[in-house]
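Encoded as C-alpha cells, the structure appears first; notes follow it.
The values are calculated or read from the model by the stated rules, or taken from the named source; none is laboratory data. As the structure is a prediction and not an experimental result, all values here were calculated from the model. Methodologically, a virtual Cβ is constructed for each residue, glycine included, from the backbone with ideal geometry; neighbour enumeration extends over all protein chains shown.
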Amino acid sequence: MKICLTQNEEIGMGYSGQFEIGNQDIASVSVEVQAGKEEGGNEDRFTINPEDGVYGVFDGASGLTPLNETARESLGLTGGAVAASVLAVEMAKPSSQTLREKILSANEKIGQTFDEFVPGSNEVTDRFCTTAGVVRVQDGQIEIACIADSPVILVKSDGSFEMPVANFDQDVESLQLLDSIVRSEGLTHDQAMADPRMKAQLLKKRGEQNQTYGVLNGQPEVEGHVRTASVSSEGVESILIFSDGLVPPAQPGEEPNWQLIVDAYQRGGEAEVLNTIRGIEDADPDCVQFPRFKKHDDAVVLGIKLQQAA
C-alpha cells in the first residue's frame, strides 16, 4: 500500500483517511488534510508506504515565477503542489537508502522538474520547494528526517511525548517584523502584509533558501539542512507528523505548545488536532494575538499507531 495524493482533484479542499496496516511495526495510520483557503488548491501532500515503513508529510511553496503554460494546463497544480507531489511520489518508491539519502535523491528530482517546468531561471526566489517530515518504522527502530518546519512528535505509552528532531521555524524574523508594523503603526494585518518593508523582508527570506534555512528545491546545498535522528520504538504508542499549518500559534520566537497537539490527539485523534488549531485561529482572525501570514494555512496531520506488546 503506497498512498501519495498528487492531484488537486484527489485531495481537494480536504481529505480524511484511515488505513489498517497490521504489520509487525504499525497497527494503523490515519490522516486529515484541509486547505487553508477556499480557492487556490492545496500544496500539502503525504506518503503512506507500509512496504518500506516510510510515512511522510510535505508542505509545498511556489516560487515567484509561475510554471510554464504546458505544465499548468496538464497538471492544474501550483509550483508548491508540484514540489510536494514529486517528493511524495519519490518517498513511496522502494529503496534501501537511509531517509537522508532518499530525501536528497528526491531533491534532485525536484530540481529536474523545476528545470522542465520553469526553464531558463537561475534565481533562487523563482524555485518551487517543499518541507519534509518523514519517518521510517522498521524492526523496532524509528528513523526520522526533517527539513524546515514539518515536525515529528513521538507520543509515549505513559502520555508523555518526545521530539528527537527539533522543529525549525524560518519565519521568526519575518513574523517579528509583521507584529512590529501592526502594533507600532496601528495597521491592519492586510495593510502590514502589503507594506514595502514586509514585502522586502519576505523576498529576502526567499533568497536565503538553503543558506539560513533548508528547503527541498533542487539545490544541492540543502544537504547541510537535513536534520535526522534514530530512536527505539519501545514505549512509543503513536507518531504524529504534520505541516506547519498545524503548529500551535505562538508569539514569534517562542516555543509552540506541543502539548496542545498531543492532548488534542489523545482526545479525538487527527480530526481533533485539526479542529483545535483551527479553533485558535478562528478566535484570532486578524492574526493579532498570534502573528502569522494568514488566518489559516494548508494543513495535514498523519497519525501512526504502533503495535503494542501484549
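With (1) among the charged types (D, E, K, R); (2) more than 22 Å from the chain's Cα centre (by Cα); (3) surrounded by fewer than 17 Cβ atoms within 10 Å (Cβ to Cβ) as the list, and E221 as the residue in question, which single condition is left unmet?
Every condition holds for E221 apart from (2).
Do the conditions hold for E281, that is, is it without any contact (Cβ under 8 Å) to a residue 40 or more places away in the chain, closer than 20 Å to I147 by Cα and out of contact with any Gly (no Cβ under 9 Å at 6 or more places or on another chain)?
The answer is no for E281.
Out of D149, D158, which single residue is touching a Phe, Trp or Tyr at 6+ places or on another chain (Cβ under 7 Å), touching a residue at least 12 places away in the same chain (Cβ under 8 Å) and assigned to a loop (DSSP other than H, G, I, E, B)?
Every option except D149 fails the conditions.
Determine which member of the set S121, S96, S105 is free of Cβ contacts under 8 Å to residues at least 40 places away in the same chain, surrounded by fewer than 24 Cβ atoms within 10 Å (Cβ to Cβ), hydroxyl-bearing (S, T, Y) and under 19 Å from N210 (Cα atoms).
Working: S121 fails: free of Cβ contacts under 8 Å to residues at least 40 places away in the same chain; S96 fails: under 19 Å from N210 (Cα atoms).
That would be S105, the only listed residue that is free of Cβ contacts under 8 Å to residues at least 40 places away in the same chain, surrounded by fewer than 24 Cβ atoms within 10 Å (Cβ to Cβ), hydroxyl-bearing (S, T, Y) and under 19 Å from N210 (Cα atoms).
Can you tell me which residues in segment 214-244 are among the small types (G, A, S) and either closer than 28 Å to L306 by Cβ or touching a residue at least 40 places away in the same chain (Cβ under 8 Å) (or both)?
G214, G218, A229, S230, S232, S233, G235, S238, S243
Take L175 and decide whether it is at pLDDT 95 or above, under 19 Å from the mean Cα position of the chain (by Cα) and in a strand (DSSP E or B). Step through it out loud before you land on a result.
Details: at pLDDT 95 or above: yes; under 19 Å from the mean Cα position of the chain (by Cα): yes; in a strand (DSSP E or B): no.
So L175 fails the test.
What number of residues in segment 34-63 are farther than 24 Å from A309 by Cβ, at pLDDT 90 or above and among the aliphatic types (A, V, I, L, M)?
Qualifying residue count for the region: 2.
Give the residue that is modelled with the highest pLDDT, with candidates limited to residues of segment 64-90 that are farther than 13 Å from L216 by Cα and touching a Lys or Arg at 6+ places or on another chain (Cβ under 8 Å). If you could, list the steps in order and put the result at the bottom.
Applying the first criterion (farther than 13 Å from L216 by Cα) to segment 64-90 yields 64-78, 89.
Now restrict to residues that are touching a Lys or Arg at 6+ places or on another chain (Cβ under 8 Å): 64, 66.
Details: L64: 90, P66: 81.
Step by step, filter segment 64-90, then rank; the result is L64.
Determine which member of the set E234, E270 is surrounded by 15 or more Cβ atoms within 10 Å (Cβ to Cβ), over 25 Å from S174 (Cβ atoms) and among the charged types (D, E, K, R).
E270
Against the definition (touching a residue at least 40 places away in the same chain (Cβ under 8 Å) and part of a loop (DSSP other than H, G, I, E, B)), how does V165 come out, yes or no?
Values: touching a residue at least 40 places away in the same chain (Cβ under 8 Å): yes; part of a loop (DSSP other than H, G, I, E, B): yes.
Answer is yes for this residue.
What number of residues within segment 178-212 satisfy the criterion of being part of a loop (DSSP other than H, G, I, E, B), acidic (D, E) and more than 27 Å from E223 (Cα to Cα)?
1
All but one of (1) over 16 Å from the mean Cα position of the chain (by Cα); (2) in contact (Cβ under 8 Å) with a residue 12 or more places away in the chain hold for Q211, so report the exception by its number.
The one condition Q211 does not meet is (2).
In segment 253-310, what count of residues is obtained for those that are part of a helix (DSSP H, G or I) and β-branched (V, I, T)? Can you show your working first?
Our first condition is that a residue be part of a helix (DSSP H, G or I); within segment 253-310, this holds for 258-282.
Restricting the remaining residues to those that are β-branched (V, I, T) gives 261-262, 273, 276-277, 280.
Selection size over segment 253-310: 6.
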